[in-house]
1. Once the cut-off is 35 Å, how many percent of the Cα-Cα pairs in the chain end up in the long-distance tail?
2. Among bridges DSSP assigns within the chain, what percent are antiparallel (round to 5)?
3. When 1/r is averaged over all different Cα pairs and the result inverted, which Kirkwood radius in Å belongs to segment 149-267?
4. When the chain is fully extended, how far beyond the present Cα-Cα distance does Phe214 get from His346, taking 0.36 nm per residue of separation?
5. Please go through segment 263-311 and write out the trypsin sites (Lys or Arg not before Pro) that DSSP classes as loop and that have at most 10 other C-beta atoms within 10 Å.
6. Give the lysines whose C-alpha is closer than 18 Å to that of Lys494, dropping any in the same chain fewer than 8 places away, or say none.
7. Using the alpha-carbon centroid of each, what span in Å lies between segment 507-559 and segment 319-343?
8. Using θ = phi - 60° and the Karplus curve 6.51 cos²θ - 1.76 cosθ + 1.60, what whole-Hz ³J(HN,Hα) does each residue of segment 474-479 get, with Gly and Pro shown as x?
Amino acid sequence: MRTEWYKNAVVYQIYPFSYRDSNNDGWGDIEGIIEKLDYIKELGVTAIWFSPLYRSPDYDYGYDTSDYKDIDPKFGTLEDFDRLLKECHDRDLKVIMDLAVNHTSTEHPWFKEAISSKDSPYRDYYIIREGRRKGKKLLPPTNWESTFTGSAWERIGDTDEFYLHLFCVEQADLNWENPKVREEVVSILNFWLERGVDGFRFDVFNMFSKVYPFGDDFSKDSFQKGAPFYVDGPRMHEFLKELNEKALSRYDTYTVGESFHPSEENAHAYVKESNHELDSIFNFGHLDADNIKGKKFFKKPFDLLQFKDGLFAPQRSYYGEGWNTLVLENHDNARSVSRFGIDTKHYRYEAATMLATLTFMGYGIPFIYMGQEIGMTNCDFKNIDEMKDPVSHFVYDLMCGYGIPKPLAFRFIKYGARDHARTPMQWNDSVNAGFNDGQKPWQCMNPEYKEINVEKDLASERSVYRYYQKLLAIKKNNETAIYGKTEEYDHINKKIAAYSREYNGKRLFVVSNFSNKQTDFIVPQWVKNAKVLLSNYDELIRKGQTLTLHPYQAVIFEERENDILKS
Ligand code: GLC
Ligand code: CA
C-alpha cells in the first residue's frame, strides 16, 4: 500500500566515497555511514539517498555500474548494506537507492558479452550502429556530441560498428526498446525492494527512450547536440508506467527522476500523480542563474530573477497534480554558499541559512546534500590534478586544445567543477577532518576544514546545523509548509525573494535578502502583524509594512489566528 510518506519527507544525500572512511583506506564506506546515522537523524531528515553503492570501475564514480545487484567492495558487502538498511529503518529513516540505468559500465558482463560477437544475445542490449564511410574515413553513425565532450559513439575494436555513450566512453547506453533490458531493470528494482529499500533516484531518466531513426546534420563534420534524439523520447511515459506496474507500485515506494532538460509539458506529465510514472523529478533551472546558458564553467553575474524563475516555475506548474523537489546542492554542483554572488567570507552562516529557508520552505521535498547542513564551501584546488572528476579533465583538455592558456582554463573549470561537492565531509579539525585516520583520501580535503567542520559548527552560537534543525521541524510539521500553494511576491525585485504559502485558510510568508547590505522591503498588509516563526537573525526591524532586512536575512512569518478570523 502506498502511504505517500514522501510528501513531508526531508532527504539527505550521501556521496559514499566522501562521507566517512571507517577502515582508513582512503575511501568512504558503509560502516562509516552507519557510524554517522545518529548525526543524520538528529538533523531532522526522514530519508537518505545514497549515490550509487553498486559495483563500479569508477570511471564516473559509481554512475558506471558493472553489477546492479551487489555492493562495491570498497564500500562493503551486501551484508553490510542490509545492516545499514536496518540501522536506518530502526531510526525511522527511509532509504533511497540511486540507479543509473540509462547506461551500464562497459565492464558490465552484458556489455562484455555484447561486443564479444555479432550474434551475442546481449548485442541488442546496447545501441550499436554501423559507422559512416566518407572516402576512406570511417565516421561515427551520427555527429552527436557526448554530454561529457567528444563523440557520443565509440568504435568497437577494429570493426565498422560503434556503440552509443551519451556520457563517458565507459558508460554504454542501454537499448530500452529491447523488452529484455526493461525486464532486467524491473528485476533490479525488485531485488532491492525485496531487501527493503524505500525508493529510487533514477539517473538521467528522460534519456531512456531514444528517437528513431537517428539523424543529424551530416553536412557538418563538427559535433552537434543530439538532444532532440535522446531527450524525452516518445516511449518515456510508457517505460515509466511499466516500471511502476511491474515493480514500484507493489511497494510503498518513492521515486525521483533526475531529468536532463525536459520540456515543460513532459516534466509535468512525469510527475502528474494520475499518470503513475514518477513521484517527482529534480528541476535545476535556478542553479544556472550564475552561469552562461547552463554551462557550469562559464560564470556570469548572478541573476536573482532567473533564480526565482527556476525555483518557482515548477512549484506553480505541478501544484495540485504532482509533487515537487527543492534542491540547492548535489554531487554534480559546486557549493551553494560559494555561488549566487554571495559574500561567503563575511556572511557564510547568514547566506547558508537564508538559502535554505528560501528554498526549503517552498512546495516540495527538501534535498540536503551532505555538508550543506554545516555550510561547507567550495575548495581552493591548486591544480587540475587535485580534481578527480573526469568531466573536469575532459573540459580542461578541450579548452587547452583550443589554445586557451592552462591557468585560464583551470580558472574556468574551478568555477563550476563537480569536485567541489566531492571533497571529504568535514567532521572535525583533526587529520583529514576526521574523514579517516590519516590515509590519503581518494579526493583531496578542502583546506578550509579547520574552520568549517561539524564539531565547530555544533559548538558555535551561529550553527548552520542547528538552524537547519529548526527549519526542518517547521517544514515537516506545519501543514501549510507541506501542502500550501506558493505565490511569489514582487518578482522583479533584484535583491529580495519572497513568497507566501497558503493552505486551508492558513498563510505563511517567506522573505530573504540576497544582498550584503541592509535592504528595505514592503510586505503585504497581512504580514504586518504576523508572527515570526523563524529568522536567521535575532533582530527584525519592522515599521508598519516595511521590513529593513539585514544582509542575507531570511524570515518566516505565520499569520496570527485572530487575523485570520478578522479577514
Ligand atoms: C547524472 C549523475 C552524474 C553522472 C551522470 C551520468 O547526471 O548525477 O553524476 O555523471 O548522470 O551517469
Ligand atoms: Ca574505507
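The values are calculated or read from the model by the stated rules, or taken from the named source; none is laboratory data. None of the values given here were measured: they were computed from a predicted structure. No Cβ is skipped: glycine too gets one built from the backbone with ideal geometry, and neighbour counts run over all protein chains shown. Accessible surface areas use protein heavy atoms only, side chains included; no ligands, DNA or RNA. Shrake-Rupley method; radii C 1.70, N 1.55, O 1.52, S 1.80 Å.
1. 38 percent
2. Approximately 65 percent, going by the DSSP bridge assignments.
3. 16.0 Å
4. That pair, Phe214 and His346, stretches by 42.3 nm at full extension.
5. Answer in residue order: Lys293.
6. Lys300, Lys308, Lys517
7. When both Cα centres are located, 22 Å separates them.
8. Going residue by residue, I get 5, 4, 7, 9, 8, 4 Hz, with x marking Gly and Pro.
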